[in-house]
Every structure is written in C-alpha cells, then in structure tokens.
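Please read the structure below before turning to the comments.
What follows draws every value from the coordinates through simple rules; no lab data is involved. Source: prediction; values computed, not measured. Quick reminder, even Gly has a Cβ in these numbers, built from the backbone with ideal geometry, and neighbours come from all protein chains shown.
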Amino acid sequence: MVKDIRKEIKSLEKKKEEIDKEISSLNKLNNESAKSEWIGIPGTDYEVTKNVLHKGKSYDEIIQLKKPDEELLTLKMIGIICENPNLLKELKMDSSSTSDDFFFKQPFPQNKEKGYVARFFAGSYYADLSCYWYSDDSGSYLGVRFVRKKISKRKK
C-alpha cells in the first residue's frame, strides 16, 4: 500500500511539473503579445502588430491566446496594407521575409463552415492568400498579426 501511495505521489509530481511548464509557456506567449509594437492601418480605426506573433502555433492555439480586444486581420485590411508600399515594407509583407506567414480572418462563409482557416504567405518573389488551411496546421514560420482598435493618446 505504501508503494502504491509513493507511486501515486510521483505521478502527481510529474503532472504538476508538466502543468507548471505549460503555464510558463502560456505566460511567455501572453507577454509576447503585450510587448508587441502596433502600427496604424491608414483609413481605419485599427492598428496591427508590427511583428508576426505566436509562430509555430496552430490557429486553434492562437485563438486561445487572443486577448479580448484583439482580432484577426481581415482581407480588406490586408488590401489596404498592400496599397501602402511603405507599410507593406515595414510589415515585411512585400516578400522580403519568407518566415512571417500569418493567419487572417476567413473571408468565405463556405470555407468557414468546412472548418478552413485563411493565411497570408510570402515567398521570395510573390505573396499568396490561402483560404483552405486546417485550423490545427502550424509551422515555425506561421503565426498571427493581431489588430485592435487604435488606442488614442491622452491629452495632458
């Protein structure tokens, strides 16, 4: 009986270590989002994260990390960014980076119903929008660019 209790204690200690590692990982990811730089999207009331966040996570994992005031980029917002060469370059969406792909809001209801998610992909000589990825797909280069309503500067 004592052996069974010791075995159970070891098992619980191991589970606690795993949970502690997971909590530490989630805290690190939340800090990543909190420290991100935000850039205004011209002609909108939104700003976007300068860098792609949460790389290597699936869409499902990223959505769980999203803060209440954050959303995914829409196809319309991506279009606005693409029409602004300086912003396009600053966000490295001009094919200058092949390691900053990101998920965006699924624009097609029929794809959303099938469980597909959308992503922006930049190759060395082109950029592509794909709307038929599975939500559990991930890659070391794939993450998210969150958007949020612009935070106005307080007047002193």
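Details
- The chain - charge dipole about Cα centre, Lys and Arg +1 at Cβ, Asp and Glu -1, debye rounded to 20: 680 debye
- R0 of 25 Å, Cβ-Cβ distance Trp38-Lys114: FRET efficiency to nearest 0.05: 0.20
- Where labels lie 7 Å past Cα in the beta-carbon direction, separation of Ser124 and Arg6 in nm: 6.0 nm
- From the coordinates shown, Kirkwood radius over Cα pairs in Å corresponds to which of (1) 15.9; (2) 17.4; (3) 29.7: (2)
- Taking each residue as 0.36 nm, the span from Asp60 to Asp45 lengthens on full extension beyond its C-alpha to C-alpha distance by 2.7 nm.
- Whole-Hz couplings from phi, Karplus 6.51/-1.76/1.60, listed for segment 47-52; x for Gly and Pro: 10, 10, 5, 5, 9, 6
- Ranked packing of 84-94, 107-117, 70-80, 49-59, most packed first, by mean Cβ within 10 Å: 49-59, 70-80, 84-94, 107-117
- Residues of type lysines that Lys149 reaches as a straight line, Cα spacing below 25 Å, ignoring anything fewer than 8 places off in the same chain: Lys28, Lys35, Lys50, Lys55, Lys57, Lys66, Lys67, Lys76, Lys89, Lys92, Lys105, Lys112
- Reducing segment 99-128 and segment 48-65 to their Cα centroids gives an inter-centroid distance of 13 Å.
- Between the listed residues Tyr132, Ile63, Phe104, the Cα displaced farthest toward the positive end of the dipole of the chain, a dipole computed from Cβ unit charges relative to the Cα centre, is found at Ile63.
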